[in-house]
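A quick write-up on the structure given underneath.
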Amino acid sequence: MNITVVGSGYVGLVTGACIAEMGNQVYCVDVDQTKIENLKQGILPIYEPGLEDIVRDNHASERLIFTTSLAEAVEQSEVFFIAVGTPPGEDGSADLRYVLEVARQIGDTLRAPAIIVNKSTVPVGTADLVREAISERLEARGVEIEFSVVSNPEFLKEGAAVNDFMHPDRIVIGADNEHARQVMSALYAPFIRNRPRTLFMGIRDAEMTKYAANAMLATKISFMNEIAGLCERLDVDVENVRVGIGSDERIGYHFIYAGCGYGGSCFPKDVKALIRIAHQSDFEPKLLQAVEARNEQQKHTLFNKLSSHFNGDLAGRTIAVWGLAFKPGTDDMREAPSVVLINSLINAGAKVRAFDPIARETARREFPEAWFADGRLEIVEGQYEAAIDADALCLVTEWKPFRRPDFRALKRLLNTPLIVDGRNQYDREQLQREGFAYYGIGRQPVAA
Ligand SMILES: NC(=O)c1ccc[n+]([C@@H]2O[C@H](COP(=O)([O-])OP(=O)(O)OC[C@H]3O[C@@H](n4cnc5c(N)ncnc54)[C@H](O)[C@@H]3O)[C@@H](O)[C@H]2O)c1
């Protein structure tokens, strides 16, 4: 099949590369010239395990072609994936400007019947807007070309995106005609040979499914963070509660870790967008609002613990931060709890020395240059280097190398043996024995 994927970010690049891997001819289009030039040379704009090899191999075999020109791709393609960003607008609603811009460009260039697949996360009804935008441009050109619009939301997880795309637990296809359903089935067949799991539904149902999935996962996290807050006040360890409820099959262990809040490019924006969709539909989304409010508050929890430990006086102190990415396995720092923590620490006059196994370059772009120039913020190359002469170590992202660190070395390196554990990674009794002061989330602190 000949396919075009518009947008070469986390979703578009993974989609394009994985579809090419199955023998299809794929054009990956992006407006970002540097991104495309780098991709042509095998330099990826993102870190995603396993992606680099697939991109290089398929590019070398000319199944994966990178271009900034949709017109060049259009000639060859029968299916177009729209995989551009839908960031939150000022009022929290999904900003559809990029999606509709791509739709208009498709309308300007389309030559033969095609299927337009919306992979971006978009509000219910967006397929209609995409259809209108394409039709308007076709009419303006005075041509009649048949096309279908399909909703095919993406459920991949950053950090495991290639594996998720190659082995999906479900493929949701919202389509309103048999031809589109057949083409989409054929396209995805190689990914689900042993486990057929394509769910066909209405276009609007598919659009809603994606938001409902992310909102549900965000709800589980915020619920557990709320329970954690209560545990701290009642002398209960939330880790025991987690295991105690997770063993109930109706609840399950996934997404019930208490922590310093969810981040990333999806949960925060999708919960906000769903709240906005509800308001526009004259419906009060009480639960979703609470999920979001709890998360906003939760992102401040590490700073609050540090601040109260030091009696509100963080000026001049050095805080080591382990983990900058919003979760392990990615270099993505969008809406990461580390950003809220580092901003708060620096605004309180502290100095931050941070380490992340992968997201160091992202971090250098994320914070003001002046902070690096005057030494308020340092991104270091080793996890133990971050701890040298620091007054506390704060664990923000649960990368594997942080799971079982050398506590003796840490105790030697830190000025004060204090660990603030934003992911409940450490055994508080062990840290107590090793002579650390310790704060977790939803558990009793350990005094030094
Ligand atoms: N990142 C995830 O884990 C994930 C998972 C599932 C769904 N989604 C959804 O997928 C969509 C894309 O997310 P992402 O994280 O890949 O975004 P991204 O920001 O990483 O990538 C978007 C890309 O689109 C490009 N672009 C913008 N306008 C363009 C245009 N007119 N023509 C060509 N390219 C254009 C940008 O240059 C950028 O490279 C969003 O709606 C998101 O909610 C993301």
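The values are calculated or read from the model by the stated rules, or taken from the named source; none is laboratory data. Small disclaimer: the values here were computed from a predicted structure and weren't measured. Quick reminder, even Gly has a Cβ in these numbers, built from the backbone with ideal geometry, and neighbours come from all protein chains shown. Heavy atoms of the whole protein, side chains included, go into the accessibility calculation; ligands, DNA and RNA do not. Shrake-Rupley method; radii C 1.70, N 1.55, O 1.52, S 1.80 Å.
According to the square roots a ≥ b ≥ c of the eigenvalues of the Cα gyration tensor, what is the shape class of the stretch 2-201, taking rounded for a/c under 1.5, prolate for a/b larger than b/c otherwise, and oblate for the remainder? Cα axes put the stretch 2-201 in the rounded bin.
Helix 178-188 and the longest principal axis of the Cα set of the chain meet at an angle near 50°. Using just its DSSP H runs of length 4 or more, each adding -39500 (n - 2.57), the chain gives a mean residue ellipticity at 222 nm of -13000 deg cm²/dmol after division by all residues. Taking a ≥ b ≥ c as the square roots of the eigenvalues of the alpha carbon gyration tensor, the stretch 60-153 is oblate, as a/c is not under 1.5 and a/b does not beat b/c. For the chain, the orientation-averaged shadow of the C-alpha convex hull comes to 22.9 nm² (one quarter of the hull surface). Computed from Cα atoms, the angle from the helix 126-141 axis to the main principal axis of the chain rounds to 40 degrees.
Exceedance of the 27 Å cut-off in Cα-Cα distance is limited, within the set Lys272/Lys351; Lys305/Lys411; Lys119/Lys220; Lys157/Lys299; Lys272/Lys299; Lys119/Lys299, to Lys272/Lys351; Lys119/Lys299. Using a Gaussian network for the chain with springs between C-alpha atoms less than 10 Å apart, which of these wobbles most: Leu395, Leu13, Leu129? In this elastic network of the chain, the residue with the biggest mean-square fluctuation among Leu395, Leu13, Leu129 is Leu129. Using a/c under 1.5 as the rounded threshold, could you call the stretch 368-448 rounded, prolate or oblate? The axes a ≥ b ≥ c are square roots of the C-alpha gyration tensor eigenvalues, and prolate needs a/b larger than b/c, oblate otherwise. It comes out prolate by the Cα gyration axes. Between the stretch 264-342 and the stretch 94-145, the alpha-carbon centres lie 34 Å apart.
So, with a 1.4 angstrom probe, what is the percent of accessible area on the chain that is carbon and sulfur? Of all accessible area on the chain, carbon and sulfur atoms account for 49 percent. Using a probe of 1.4 angstrom and keeping all protein chains present, the accessible surface of the chain works out to 44 square angstrom per residue. Evaluated on the stretch 197-249, the Kirkwood hydrodynamic radius is 13.4 Å, with distances taken between all distinct Cα atoms.
Computing Rg and the Kirkwood Rh from the Cα coordinates of the stretch 82-122 gives a ratio, Rg/Rh, of 1.05.
About its Cα centre, the stretch 149-222 has a charge dipole of approximately 240 debye under the convention of +1 per Lys or Arg Cβ and -1 per Asp or Glu Cβ, with nothing else charged. Ignoring solvent entirely, what values of log10 I(q)/I(0) come out of the Debye formula for the stretch 211-297 at 0.10, 0.11, 0.14 Å⁻¹ when each Cα is a single scatterer? With no solvent term, the Cα-only Debye profile gives -0.27, -0.32, -0.51. Cα centroids of the stretch 10-85 and the stretch 375-445: 40 Å apart.
Could you tell me how many degrees, from 0 to 90 and to the nearest 10, lie between the Cα long axis of helix 286-298 and the main elongation axis, the longest principal axis, of the Cα atoms of the chain? Relative to the chain, helix 286-298 is tipped by roughly 50 degrees. Compactness of the stretch 87-209, taken as the C-alpha radius of gyration over 2.2 N^0.38 Å, stands at 1.12.
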